[in-house]
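Chemist: Here's a structure for you.
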Amino acid sequence: MASMLLNSIRSGSVSPSWAVRFAFFKYFLSVQTKSKKTLARPGVKNVVLVDGVRTPFLMSGTTYADLMPHDLARAALQGLLKRTGIPKDAVDYIVYGTVIQEVKTSNVAREAALGAGFSDKIPAHTVTMACISSNQAMTSGVGLIAAGQCDAVVAGGVEFMSDVPIRHSRKMRKTMLSLNKAKTLGQRLSLIGSIRLAHLSPELPAVAEFSTAETMGHSADRLAAAFGVSRAEQDEFALRSHMLAKKAEDEGLLQDVVSFKVPGRDIVSKDNGIRPSSMAQMSKLKPAFIKPHGTVTAANSSFLTDGASAVLLMSEEKALAMGYKPKAYLRDFVYVSQDPKDQLLLGPTYATPKVLERAGLSMSDIDVFEFHEAFAGQILANLKAMDSDWFAQTYMGRKSKVGSPAMEKFNLWGGSLSLGHPFGATGCRLATTVAHRLQKEGGQYGLVAACAAGGQGHAMLIEAYPQ
């Protein structure tokens, strides 16, 4: 596949001059609301996003290092309560997403909800779907509301990479479990005597595919090579992400961030991974995964992040009855899966045309794009795949390409490369950012898209609420 893609798509139309091109499209920030059809469907409840918040996203091993996942999730839930003013007993259900579970709080949704002061009568469950876990939490909430089971659902996600579970080796675990069952001193001494030095070697976690044993960064490097994405293009896109995130932060546009008083430490009010650099500095970094000739580096990859997010979803009737002015409608969504070996990170390419077709829209109808930036190479490979008739026909069974997003509409407030990527929390950030950008820029339709481990992906259409 790699050689076919390289020969057929190397001349793709994705331009690397992100910063220059962005300067010519600043006027998009003052676009007036366009008059388009609504995506409401007869007989289907309108589900609205009332508001969304997140803790500051911090690099793992920094200020949040001594916390636990439910602490961050609780902070996001408390921030949502404060932002919306919703009574704690007015929520019908709580769903949270996470990837690497803390064994003490496996249902982190329930523990965080109780800690945040929600009624103990409110059910809560936790979902996991890799990097689209909070997307799954949101769409689970949409389903509960659309089915008439609930009127108000809180969805969110959390990830805590500062303290991931490290297991004993399997042989050591078996010995320890047997010790727990041993009834006599002789049995215990015999088991202890069977322990060898090799048994003490721990099993360290890795961001790798179980089915292929390949790390995601290695897969991203191969994907970039297959689509002819250069190191310079990746560095330029990463730099663009950091520059736009810094600009959005300075202009007060990242209004979903809520301050968090870390116990025993300072109040955290902003993300700490936004670090605009320069092409010269970025070019000095060595490849992180495929050495020495790879193109994926620490600078053009998302970093390990601690953080949590939360959104309040309601039926439109309930929201209006309670006096809320929603920010957006959550309209339609799809999930996709493909080959986890060669197409691990192509979820947006497969999901985008499906969700657009369901709504009768085209790429030109979308005013705001928010794609998850796992790696700069992954984003650029997706853009080239989306703009390739050959790829659409050969791998997707489609007659023609869907087209790539216009960069003047794409991730204009930064993305996962700069803001950070807590695996289980990014989806809610994407949806909330779309809602805020639609309000700010006067657009009507927004599209969220993301890849995920296992070769899975997600796309969701969001419509601005009439102002």
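Chemist: Within the stretch 331-358, take every residue that is touching a Ser or Thr at 6+ places or on another chain (Cβ under 8 Å) and aliphatic (A, V, I, L, M) and give me the one that is surrounded by the fewest Cβ atoms within 10 Å (Cβ to Cβ).
Modeler: Leu356
Chemist: Of all the residues that make up the stretch 103-133, how many are in contact with a helix residue (DSSP H, G or I) (Cβ under 6 Å, 6 or more places away or on another chain) and modelled with pLDDT under 95?
Modeler: 0
Chemist: Identify, from the list Val368, Val336, the residue that is of a type in the set (Val, Ile, Thr), over 15 Å from the mean Cα position of the chain (by Cα) and within 21 Å of Phe57 (Cβ to Cβ).
Modeler: Val368
Chemist: Among the helices (runs of 4 or more DSSP H) confined wholly to the stretch 283-386, which include 2 or more residues that are touching a Cys at 6+ places or on another chain (Cβ under 9 Å)?
Modeler: 347-359, 376-386
Chemist: Just the residues that are touching an Asp or Glu at 6+ places or on another chain (Cβ under 8 Å) and under 16 Å from Phe289 (Cβ atoms), please, taken from the stretch 224-253.
Modeler: Ala226
Chemist: Only one of these conditions is not met by Arg167: (1) in contact (Cβ under 8 Å) with a residue 12 or more places away in the chain; (2) farther than 30 Å from Met129 by Cβ; (3) surrounded by fewer than 14 Cβ atoms within 10 Å (Cβ to Cβ). Which number is it?
Modeler: Of (1) in contact (Cβ under 8 Å) with a residue 12 or more places away in the chain; (2) farther than 30 Å from Met129 by Cβ; (3) surrounded by fewer than 14 Cβ atoms within 10 Å (Cβ to Cβ), only one is false for Arg167: (2).
Chemist: Residues being in contact (Cβ under 8 Å) with a residue 12 or more places away in the chain and out of contact with any strand residue (DSSP E or B) (no Cβ under 7 Å at 6 or more places or on another chain): count how many of those fall in the stretch 282-303.
Modeler: 10
Chemist: Looking at the stretch 243-270 only, could you name the residues that are assigned to a loop (DSSP other than H, G, I, E, B), of a type in the set (A, V, I, L, M, F, W, C) and over 20 Å from Ala431 (Cα atoms)?
Modeler: Val262
Chemist: Next up: Taking the conditions exactly as written (in contact with a strand residue (DSSP E or B) (Cβ under 7 Å, 6 or more places away or on another chain) and in contact (Cβ under 8 Å) with a residue 12 or more places away in the chain), does Leu383 satisfy them or not?
Modeler: So Leu383 fails the test.
Chemist: Which one of these is assigned to a helix (DSSP H, G or I) and under 18 Å from the mean Cα position of the chain (by Cα): Gly273, Gly217?
Modeler: Of Gly273, Gly217, the one residue that is assigned to a helix (DSSP H, G or I) and under 18 Å from the mean Cα position of the chain (by Cα) is Gly217.
Chemist: For the condition in contact with a Pro (Cβ under 9 Å, 6 or more places away or on another chain) and among the charged types (D, E, K, R), what is the one hit in Arg265, Arg222, Arg231, Arg275?
Modeler: The conditions single out Arg231.
Chemist: Could we say that His242 is open to solvent by 40 Å² or more (accessible area, probe 1.4 Å) and over 23 Å from Met460 (Cα atoms) here?
Modeler: So His242 does not fit the description; no.
The values are calculated or read from the model by the stated rules, or taken from the named source; none is laboratory data. Being a predicted model, the structure only gives us computed values, none of them experimental. Neighbour counts are summed over all protein chains in view; Cβ atoms, including those assigned to glycine, are modelled from backbone coordinates with ideal geometry. All accessible areas refer to the heavy atoms of the entire protein, side chains included, with ligands and DNA or RNA removed. Shrake-Rupley method; radii C 1.70, N 1.55, O 1.52, S 1.80 Å.
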